[in-house]
Every structure is written in C-alpha cells, then in structure tokens.
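Beneath this line is the structure, given in structure tokens, with notes to follow.
The values are calculated or read from the model by the stated rules, or taken from the named source; none is laboratory data. Values in this document were obtained by computation on a predicted structure and should not be read as measured data. Here the Cβ is made from the backbone with ideal geometry for all residues, glycine too, and neighbour counts use every protein chain on show.
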Amino acid sequence: MIMLKKYLAVLPLIFLAGCSTLPTFTRTTPQEQTRNANNLYPVEVIFNSSQQSLRWDSIKAFVIVKDQRYPMKPVPMVHNRWDGFVPVPAGSNSVTYRFKFEYLCNSFGEAPRPDGSASPIYTLTIVDQP
C-alpha cells in the first residue's frame, strides 16, 4: 500500500513533464568562414530530443540573429538536421546567433500543445581571403 501511494504521488509529475525533456543541439558548421560576396553564410544544426510526446512532423526551425528569425529547412533524407543562412553585414567580422525550434507535443487527453527550445548562443567569425 505504501508503494502504491508513492507511485501515485509521482504520477502527476510524469504527466506535467510533457515536453520538458531538454533537447540537444549540435552545430555542424565551422566557427569560422571565409567572407563571400552575398554576405550569407550557411549554418547547420542537429536537433535531438528523447521526448516521446514531441511531434517531429510539426517542427519549425529558425536561426535567430539579434531579433530577426530566418527560417531553416530540414536536410533531405536526414531525420534531425536543419540548415539555413546567417546574414553578416559587409563591414562585420562576426555575428552571434542561436537556433530556435518550435513544435507541438502530444498531451494526455488534450489537443497537442505548442512548445519550443532554443540553443545556446554561437559565434560565427568571418575572415577575409589572403
């Protein structure tokens, strides 16, 4: 009976957890890129989550520079990779950015609810060609 009470006390916490499992972000692009003419630089990230309720088909990914959101697209034939572009003004030598993922999570007895995760802040350094 005591074990049952302990189980019942923990059970609501399991349901409240929902999408709270922290995902991981793995940046797969270099920290330094050579300056180019169009001032757009490719970035790519691997997004992983062990959250069972996350609806992978609902993910919308963005790269955020300052307060601007730039859409990312899934890499074809790879389940958890997204790529996009970061603008860096011609006179700048670096930019900070982060990845933002928005998605739906299944919820017990309710409609899926929106949730999201943001990566740490990364820095991209732009170097001039010699």
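Could you please find all residues in the range 24-38 being more than 21 Å from the chain's Cα centre (by Cα) and surrounded by 15 or more Cβ atoms within 10 Å (Cβ to Cβ)?
Gln33
So which residues in the range 106-130 are under 20 Å from Lys60 (Cα atoms) and surrounded by 19 or more Cβ atoms within 10 Å (Cβ to Cβ), if there are any at all?
Start the filter on the range 106-130 by keeping residues that are under 20 Å from Lys60 (Cα atoms), which leaves 106-107, 111-122.
Matches in the range 106-130: Asp115, Ser117, Ser119.
If I filter the range 21-28 for residues that are at pLDDT below 90 and within 24 Å of Cys105 (Cα to Cα), do I get at least one hit? Let's see the steps before the verdict.
Taking the range 21-28 as the starting set, the residues that turn out to be at pLDDT below 90 are 21-22.
Cutting the leftovers down to within 24 Å of Cys105 (Cα to Cα) gives us 21-22.
Scanning the range 21-28 turns up at least one residue that is at pLDDT below 90 and within 24 Å of Cys105 (Cα to Cα).
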